[in-house]
Amino acid sequence: MLEPKIESLDDHQNQQLADGLLLPLMEEFYTIQGEGYHSGKPAYFIRLGGCDVGCHWCDVKESWDASKHPLTSAQQIIEHASQTPAKAVVVTGGEPTQYNLHHLTSELKRLGVQTFLETSGAYLIQGSWDWICLSPKKTMLPLRQSLAQANELKVIVYNQDDFRWAEENAAYTNPQCKLFLQPEWSKRNTIMPTIVDYVMQHPKWNISLQTHKYIGIP
């Protein structure tokens, strides 16, 4: 099991981090899910800091350094999330599976809140999840165990080789996993016709769009 550690913390804080009682919180906000299978549904987003996957087109590179984001009580995060009208939480990052999320997710589920995870699949998945969206990155390969757990495979298409990459990862998912191809935002206008053609020829795939960017919400 990965034992996260931040050098600037004392031993007690690092133990609380390892136990999932403290988490490096970049931001938390209530919005509409913009991508993938649950697109269009209200959800409370919890974005954790810390990521070593290093995807070059990441649109939240400010999340990479965990030490830049305040360690926050998981209980405080749970309380904030449970106060929203929607009973669904999306834990994202950064790469949230670097952390022990058993406490966070079990407490949310105890309160009747659904738990959704967004991950690259590079680490073992910890916690109790109602939905796992796995978006694999070539810079750090996903674990086959993580691919097998995914409810949704969302592959970002930046160039032609990403279709090969999508099929390579889809081969390790379970039969119920929903498959999505999503254009990388900066390439959306040029790559979208190719994605449309590919999905029409390979109907097991669906198209995902970053609808939140089109409608101007977080």
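The values are calculated or read from the model by the stated rules, or taken from the named source; none is laboratory data. What you see is a predicted model, and the numbers here were worked out from it, not measured in a lab. Note: ideal-geometry Cβ built from the backbone for every residue, glycine included; neighbour counts use all protein chains shown. Remember, those area values only see protein heavy atoms, side chains included, never the ligands or the DNA or RNA. Shrake-Rupley method; radii C 1.70, N 1.55, O 1.52, S 1.80 Å.
Taking all protein chains in place and a 1.4 Å probe, what share, in percent, of the accessible surface of the stretch 11-158 do carbon and sulfur account for?
Values: 2970 of 5900 Å².
Result for the stretch 11-158: 50 percent of the exposed heavy-atom area is carbon or sulfur.
Measuring r between the beta carbons of Gln176 and Gln15 and using R0 = 45 Å, the FRET efficiency lands at 0.75. Given contacts defined as C-alpha pairs under 8 Å and at least six residues apart, what's the relative contact order of the chain, whole-number percent? Worked out over the chain, it gives 18 percent. Annotation: per residue accessible area for the stretch 112-218 equals 48 Å², rounded to a whole number [probe 1.4 Å, protein chains only]. Taking the C-alpha atoms only, the angle from helix 161-170 to the longest principal axis of the chain is near 60 degrees.
DSSP beta bridges in the chain, what fraction antiparallel, as a percent rounded to 5? Of all bridge pairs located within the chain, approximately 30 percent are antiparallel.
Take the stretch 6-82 with all the other protein chains still there, run a 1.4 Å probe, and you get 47 Å² of accessible area per residue. Treating each Cα of the stretch 51-103 as an identical point scatterer and ignoring solvent, apply the Debye formula and state log10 I(q)/I(0) at q = 0.21, 0.25 Å⁻¹. Relative scattering, expressed as log10 I(q)/I(0), comes to -0.93, -1.12. Amide hydrogen proximity for Phe45: with H placed 1.01 Å from N in the peptide plane, the residues at 5 or more positions away or on another chain lying under 5 Å are Phe29, Tyr30, Thr31, Val90. Report, in listed order, any pair from Lys109/Lys154; Lys68/Lys154; Lys154/Lys204 with a Cα-Cα distance greater than 21 Å. Beyond 21 Å between Cα atoms: Lys109/Lys154; Lys68/Lys154. Here the stretch 10-46 is scanned for amide nitrogen atoms under 16 Å from the site 7 Å beyond the Cα of Ile217 along Cα-to-Cβ, giving 28-46. FRET efficiency for the pair Asn159 and Asp65, taken as 1/(1 + (r/R0)^6) with r the Cβ-Cβ distance and R0 = 25 Å, rounds to 0.35.
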